[in-house]
Amino acid sequence: MFRSDSDPLALVGLRVRADDDESVRRAYAWAVALHGGQVRKDGSRMIDHVVGVTRNVQRFAPEGYDSDLLIAALLHDVVENTPVPLSEVEARFGPRVASLVVAVTNREGETAADSAFRARDAGSDALLLRLCDRLDGIQRSGRRSLKDRRKFLAASREVHLPLAEEHFPALAAAMREALGE
């Protein structure tokens, strides 16, 4: 059963099972507090990106996914884009959320391919999260500089799309549509 009243999660298009309600709400509130004033390279608000990734996860995750996957989606950029250490993510939300967050946190000097394959090697939930993150980036790429957009979309076609086609066909279809293919 999902909540459908006018709460903050429902207002941003997130469906939360009643038994997952409190932990997902805490993650959402923390993400808003941490990312509230941040803006991405493409000019969009960081919190809008985080919510977009989480909606993608809800759309493409296999039936029966757990709340840890949603929480990790809400927090996937915390370690990368705020001063919060991974240890605090783990203390607040547990080791599984922390492992998913670290699996998709970009590392200095890492290529898009390195990041994608590291997520794949961490398991299907980490790969799903990485690909949902990429899909949101593709959808927001129109606001990037032409040079940056071309590079980003080329990596999306060469690396992320084949991984999606192999592991998550419905997500691959959404990526192809967003890429204009």
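The values are calculated or read from the model by the stated rules, or taken from the named source; none is laboratory data. Here the structure is a predicted model, which means the values were calculated and not measured. When we count neighbours, we look across all protein chains shown, and the Cβ atoms used for this are built from the backbone with ideal geometry, even at glycine.
Data for the structure
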{"item": "The listed residue being of a type in the set (G, A, S), more than 22 Å from H35 (Cα to Cα) and in a helix (DSSP H, G or I), out of A116, A126, A103, A91", "result": "A116"}
{"item": "Every pair of residues 6+ apart whose Cβ atoms lie under 7 Å, when the first sits in segment 47-62 and is at pLDDT below 95 while the second is surrounded by fewer than 18 Cβ atoms within 10 Å (Cβ to Cβ) and of a type in the set (G, A, S)", "result": "I47/G36; R55/G13"}
{"item": "Filtered residue count, segment 137-160, keeping only those that are surrounded by 14 or more Cβ atoms within 10 Å (Cβ to Cβ) and either under 22 Å from D77 (Cα atoms) or in contact with a His (Cβ under 8 Å, 6 or more places away or on another chain) (or both)", "result": "13"}
{"item": "Scan of segment 77-88 for residues that are assigned to a helix (DSSP H, G or I) and crowded, with 19+ Cβ neighbours inside 10 Å, ordered by number", "result": "V78, V79"}
{"item": "Spans of helices (runs of 4 or more DSSP H) in segment 140-181 with at least 2 residues among the charged types (D, E, K, R) and within 19 Å of N56 (Cα to Cα)", "result": "161-167, 169-178"}
{"item": "Residue satisfying condition, being more than 14 Å from the chain's Cα centre (by Cα), assigned to a loop (DSSP other than H, G, I, E, B) and either farther than 28 Å from E165 by Cβ or of a type in the set (D, E) (or both), within set G109, G43, G64", "result": "G43"}
{"item": "Selected residue (only one of L74, L163 is over 19 Å from Q38 (Cβ atoms), at pLDDT 95 or above, buried (at least 21 other Cβ atoms within 10 Å of the Cβ) and aliphatic (A, V, I, L, M))", "result": "L163"}
{"item": "Conditions (1) in contact (Cβ under 8 Å) with a residue 60 or more places away in the chain; (2) touching a Gly at 6+ places or on another chain (Cβ under 9 Å); number of the one not met by G43", "result": "(2)"}
